[in-house]
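Scroll down for the structure; my scribbles are underneath it.
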Amino acid sequence: MTGVRYGGREHMVVAPHCTSVRLIDDAHAASGVLLGYLLSSDSFAVVYVGPVR
């Protein structure tokens, strides 16, 4: 899994899909965001990259 910082909070990327991604925060709240919007956000940062299977 990959962890990212977005919107001032840390999230796990749980479901990348075409041009969007599904994120889950530490309170287990799910959200979806367009990939281009996520990557261009000033608050975006990769904080953890897990092993590739």
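No value in this document is a laboratory result; all are computed from the given coordinates. This one's a predicted model, so the numbers in the text were calculated from it and none came from an experiment. As a convention, Cβ positions derive from the backbone with ideal geometry for all residues, glycine included, and neighbour counts pool all protein chains shown.
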Subject >> P(r) weight above 13 Å for the chain, C-alpha pairs, percent >> reply: 56 percent
Subject >> the chain - charge dipole about Cα centre, Lys and Arg +1 at Cβ, Asp and Glu -1, debye rounded to 20 >> reply: 160 debye
Original post:
What's the extension gain from residue 1 to residue 28 if we count 0.36 nm per residue and subtract their Cα-Cα distance?
Top reply: 8.2 nm
Original post:
Put +1 on the Cβ of each Lys and Arg and -1 on the Cβ of each Asp and Glu in the chain; which of 8, 29, 49 then has its Cα farthest toward the positive end of the dipole?
Top reply: 49
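With an 8 Å cut-off on Cα pairs and a minimum separation of 6 or more residues, tell me the relative contact order of the chain in percent.
Normalised by residue count, the contact order of the chain is 40 percent.
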